[in-house]
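Data first, discussion second: the structure below is written as structure tokens.
The values are calculated or read from the model by the stated rules, or taken from the named source; none is laboratory data. Source: prediction; values computed, not measured. Glycine gets a Cβ as well: all are built from the backbone with ideal geometry, and neighbour counts include every protein chain shown.
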Amino acid sequence: MHQAANRLVLEPAQVAGLNTNMATIVGNFLSQWGTGQTLSFTGAALLGVMRAIDNYCDCFTFEPAPGAPRAFYKSLHQRQ
């Protein structure tokens, strides 16, 4: 809704990251956990999923000042 109203505070790279990371998370779930094929689930695959989850969360953050720690947006149409 915010994107359609041109009020979304996320940068285009963050919006693209949401889709990319969600595809990684869901795709891995469907190919591994959803089918019960957990025996072939490797450590590298687990790290990839964990990285995708962290990256997904990062899509909702911004840097309030140069060099400052990243903060979460208060909402999707305004910063803190």
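A few comments on the model shown:
- Check on Gln32, over 10 Å from the mean Cα position of the chain (by Cα), surrounded by fewer than 14 Cβ atoms within 10 Å (Cβ to Cβ) and at pLDDT below 75: no
- Inside the range 11-30, residues that are touching a Phe, Trp or Tyr at 6+ places or on another chain (Cβ under 8 Å) and of a type in the set (A, V, I, L, M) make up a count of 3.
- Residue check for Asn6: modelled with pLDDT under 85 and part of a loop (DSSP other than H, G, I, E, B): yes
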